[in-house]
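The structure under discussion appears below in the form of structure tokens.
The values are calculated or read from the model by the stated rules, or taken from the named source; none is laboratory data. Nothing here was measured: the structure is a model prediction, and the numbers come from that model. FYI the Cβ positions are ideal-geometry reconstructions off the backbone, even for glycines, and counts take in every protein chain you see. Heavy atoms of the whole protein, side chains included, go into the accessibility calculation; ligands, DNA and RNA do not. Shrake-Rupley method; radii C 1.70, N 1.55, O 1.52, S 1.80 Å.
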Amino acid sequence: MPRVLLFSHTTGYQLRAFNDAAERLNVELIFATDRCHRLDDPWQDRAVAVRFHDIGASVAAIAEAIRARPVEGVMAVGDRPVVLAAHAAQALRLPWHRPEGARASTDKRLSRAALAAAGLPAPGFVVVDAATSDAGRELPFPFPVVLKPLGLSGSRGVIRANDAQEFREAFARIQRLLARPQIRSARAGLEDQILVETFIEGREFAVEGVMTQGTLTTFAIFDKPDPLDGPFFEETIYVAPSRAPEREQVAMREGVAHAARALGLSHGPIHAECRVGGDGTVYVLEVAGRPIGGLCGRVLSFTGPAGTASLEQVLLEHALGRTIDAWTREAGAAAVMMVPIPGAGRLKGVDGQEDARGVPGVFDVRMTAKPDQMLEPLPEAGSYLGFIFARAADPAGAESAVRTAHQRLHFTIAPEIPIDVR
């Protein structure tokens, strides 16, 4: 039975999807996760305990653990696992993204510098120490600007500022976020700096694909139909196929391929974010050396000579060195809504889920937030309430289905009662 080494955090929505795909392919997964190394296999999955901040020790632990169980491929889920996967793949002489590329894809400062050096259209940017007290006094470009913590993923901590006062407020808000023990304990080495860049007017898209020895295969270009103009940048809906003009789609594919190579992402899945300006210029905002996060991968389904396949199945085939040329994205359109958190508090319940599932075209409604879980909206939040998936004959129908389903959901969120400890 072929084996793939899968790097991930201990918990994650995608682990079950990859496990299901492995069973369909008769592939064994060996997990490398950031679990407690002092406990004897607490999850009963024979995983290798690693520490994403300790590359050397983790690679050594992996080499020892797979000595009797050789692997033929590598896969990673999540930004930090990608870096360790790159070092492990290099040590094991397996194809994957290069270590310097994996690191650049998780560090906005390195990414911006690499893309600009490659001649790609890029916003002006500076990196500011999060501890400074006079940030923003002499920015080298005019407002509006966008502030982004260097090491946080998605839209967490990303805030637009239109003037000096908004800049000071946004900077202080990000400082408080970066001071949280949960973020400090990650020890990513990026907790003390903030990227400031010019805001780019335009429409935003996501590109999903895979690199094979430096060549990009595009699985889908997703429209993000909701405007992402700030002050926060919460992504809600992805729709494929894109309705952008073909010339813009070609430019996005070419731009993402160029950007991935410039970063050093040469072999493995990629997930890219692009913004297309009013003049049609494509700005590649970031390229991650991993697949689309959370449960969102369910929005992609593939057809081929062997029938149908999930995104995870196609990626495992690729990790094993098998050709994936025969797999193409399903006909028709699909959409996923990442259900936003409407306000802070404790989740008491979600009503209307069956009504939402009854919307024509909707094929799943998955609430991932748990009862009594504390919720926090963006820009501080790092999660969603859940996901809604739909298929339709065209992109407009798929988008409409997830919006209608969302309207049928009703959330009960109890605000926290402040406690006076005096």
Note down the accessible area of TYR13, probe 1.4 Å, to the nearest 10 Å². 100 Å²
Taking Cα pairs under 8 Å and at least six residues apart, what relative contact order does the chain come out at, in percent? 14 percent
Global geometry of the range 203-353, whether rounded, prolate or oblate, following the gyration tensor of its Cα atoms and the 1.5 cut on a/c: oblate
Heavy-atom accessible area of SER58 with all protein chains present, probe 1.4 Å, nearest 10 Å²? 10 Å²
What number comes out for the charge environment of LYS348, summing +1 per Lys or Arg and -1 per Asp or Glu over other residues with Cβ under 14 Å away? -1
Work out how much length HIS9 to GLU254 would gain on full extension: take 0.36 nm times their residue separation and subtract the Cα-Cα distance, in nm to one decimal. 85.0 nm
Taking only protein heavy atoms into account and a 1.4 Å probe, give the accessible area per residue of the range 299-347 in Å². 35 Å²
Before anything else, pin down the relative contact order of the range 110-212: Cα pairs under 8 Å, at least 6 apart, normalised by residue count, whole percent. 37 percent
For semi-axes √(5λ) of the Cα gyration tensor in Å, the listed values are [x] 32, 28, 21; [y] 36, 25, 22; [z] 30, 27, 25; which was obtained by calculation from the structure presented? [z]
For labels at ARG203 and ALA164 in the simple 7 Å Cα→Cβ model, what's the distance in nm? 3.8 nm
Count charges around LYS224 for me, please; just the other residues with Cβ under 10 Å from its Cβ, Lys/Arg as +1, Asp/Glu as -1. -3
If Lys and Arg each add +1 and Asp and Glu each add -1, what is the summed charge of the other residues whose beta carbon sits under 11 Å from the beta carbon of ARG408? -1
Relative contact order, percent, the range 183-325 [alpha-carbon distance under 8 Å, six or more residues apart]: 21 percent
Carbon and sulfur: what percent of the chain's accessible surface (1.4 Å probe)? 50 percent
Take GLN182 and ALA414, extend 7 Å from each Cα along the Cα→Cβ direction, and tell me the distance between the two endpoints in nm. 2.0 nm
Accessible area per residue of the range 52-140 at 1.4 Å probe, in Å²? 46 Å²
Simple spin-label estimate for THR308 and PHE143 in nanometres, 7 Å along Cα-Cβ: 5.1 nm
Would you please classify the overall shape of the range 311-403 from the alpha carbon gyration tensor, given that a ≥ b ≥ c denote the square roots of the eigenvalues, rounded means a/c under 1.5, and beyond that prolate means a/b larger than b/c while oblate covers the rest? oblate
Build a GNM of the chain with springs between Cα atoms under 10 Å: which of THR215, THR33, THR412 gets the top mean-square fluctuation? THR412
